[in-house]
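The values are calculated or read from the model by the stated rules, or taken from the named source; none is laboratory data. Since we're looking at a predicted model, the values are computed, not measured. Note that each Cβ is placed from the backbone with ideal geometry, even for glycine, and that neighbours are counted across all protein chains shown.
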Amino acid sequence: MAGALYVVATPIGNLQDITLRALETLRTVDLIAAEDTRHTKKLLQHYGIETPLMSFHQHSGAGRVQQILERLQRGASVALVTDAGTPGISDPGGALVEAAHRAGIRVVPIPGASAVTAILSVAGLPAHRFRFEGFPPRKEGARRRFFESLQDEDAPIVFYESPHRLLKTLQTAYETLGDCTVVVGRELTKQFEEVFRGKLSEAIAHWQAKPPKGEFAVVLHKGSDGG
């Protein structure tokens with residue numbers, strides 16, 4: 001009898017942002033497949049969970065996918081977790097989930113924290129629909145083309161960015177989309193959490209005066225008042 005793959009959301013920062021169901025799942029499965037076992041071990045130790053860990057990241061390859069599938073097909077239960085938030089959202093977890101579906105394994109969502117929904121919830125923007133773009137391209141030319149492709153998008157655009165590229169990304173967005181509304185969430189749920197809301201020109205000035213540190217989630221909205 002085949003087991004089940006549990007896709008478990010974990011905190012994006014604050015360790016208290018985990019559901020009771022997620023904790024019970026992590027305690028009772030046979031194995032946890034984690035993007036970074038060292039990172040996940042801190043969460044497990046905090047809650048006294050001793051379930052065995054196996055690494056599953058972007059460099060794991062097809063062999064590791066097959067190894068986990070074989071465990072599932074023998075009846076084991078496996079929890080998939082990412083470093084932060086919900087697996088499959090801008091991380092390698094999607095490959096394992098797809099493989100499990102193809103193999104006829106039951107896949108069970110254990111919902112919880114996500115930086116996408118966290119930033120949208122405090123953005124004060126119409127979010128009945130939105131567009132999530134993961135991380136913008138690193139190189140300037142590709143990044144400019146990326147924002148140019150969004151010039152006709154009237155729904156909020158959500159993406160992640162690293163601290164050392166934030167200002168360049170905001171500047172490119174300003175040059176291609178105009179001075180539209182932006183909400184920048186820094187270190188969401190963590191000790192130094194900050195939510196900035198204003199125009200892109202104001203955000204650029206803000207982060208020029210305060211060098212970016214930490215992890216960022218960004219929402220852009222042209223809307224009726226966009227540039």
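Whether any residue in the range 106-121 is without any contact (Cβ under 8 Å) to a residue 40 or more places away in the chain and either assigned to a helix (DSSP H, G or I) or under 28 Å from residue 187 (Cα atoms) (or both) is what I want to check. The answer is yes; a qualifying residue exists. With respect to the conditions (1) modelled with pLDDT of 95 or more; (2) assigned to a helix (DSSP H, G or I), residue 79 falls short on a single one, namely (2). Taking every residue in the range 186-207 that is farther than 14 Å from residue 125 by Cβ and modelled with pLDDT of 95 or more and pairing it with any residue that is polar (S, T, N, Q) and part of a helix (DSSP H, G or I), at least 6 positions away or on another chain, the pairs with Cβ-Cβ distances below 8 Å are 204/171. Of everything in the range 156-172 that is among the hydroxyl-bearing types (Ser, Thr, Tyr) and out of contact with any Asp or Glu (no Cβ under 6 Å at 6 or more places or on another chain), the residue that is nearest to residue 141 (Cα to Cα) is 172. Scanning the range 195-227 for residues that are within 18 Å of residue 14 (Cβ to Cβ) and either in contact with an Asp or Glu (Cβ under 7 Å, 6 or more places away or on another chain) or not assigned by TED's automatic domain parsing to the domain that holds residue 121 (or both) yields a count of 3.
When 62, 22, 100, 95 are checked against the criterion of being in a helix (DSSP H, G or I) and exposed (fewer than 15 other Cβ atoms within 10 Å of the Cβ), a single residue qualifies: 62. Each residue in the range 29-53 was checked for being assigned to a loop (DSSP other than H, G, I, E, B) and out of contact with any His (no Cβ under 6 Å at 6 or more places or on another chain), and 9 pass.
Residue count for the range 124-145 satisfying the condition of being loosely packed, with under 15 Cβ neighbours inside 10 Å, in contact (Cβ under 8 Å) with a residue 24 or more places away in the chain and part of a loop (DSSP other than H, G, I, E, B): 6. Scanning the range 182-204 for residues that are within 14 Å of residue 223 (Cα to Cα) and surrounded by 22 or more Cβ atoms within 10 Å (Cβ to Cβ) yields 182, 183, 200.
Among the residues making up the range 54-96, those that are more than 11 Å from residue 33 (Cα to Cα) and in contact with a Leu (Cβ under 7 Å, 6 or more places away or on another chain) are 71, 72, 76.
When the residues of the range 105-123 are filtered to those that are small (Gly, Ala, Ser) and within 15 Å of residue 221 (Cα to Cα), the one that is surrounded by the fewest Cβ atoms within 10 Å (Cβ to Cβ) is 121. Does residue 62 fit the bill of being modelled with pLDDT under 95 and on the phi < 0 side of the Ramachandran plot? The answer is yes for residue 62.
For (1) within 28 Å of residue 135 (Cβ to Cβ); (2) among the hydroxyl-bearing types (Ser, Thr, Tyr); (3) buried (at least 17 other Cβ atoms within 10 Å of the Cβ), each residue gets a yes or a no:
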{"position": "29", "(1), (2), (3)": "no, no, yes"}
{"position": "32", "(1), (2), (3)": "yes, no, yes"}
{"position": "68", "(1), (2), (3)": "yes, no, yes"}
{"position": "77", "(1), (2), (3)": "no, yes, yes"}
{"position": "81", "(1), (2), (3)": "yes, no, yes"}
{"position": "85", "(1), (2), (3)": "yes, no, yes"}
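The residues in the range 1-13 that are out of contact with any Leu (no Cβ under 9 Å at 6 or more places or on another chain) and over 18 Å from residue 73 (Cβ atoms) can be counted, and the count is 1.
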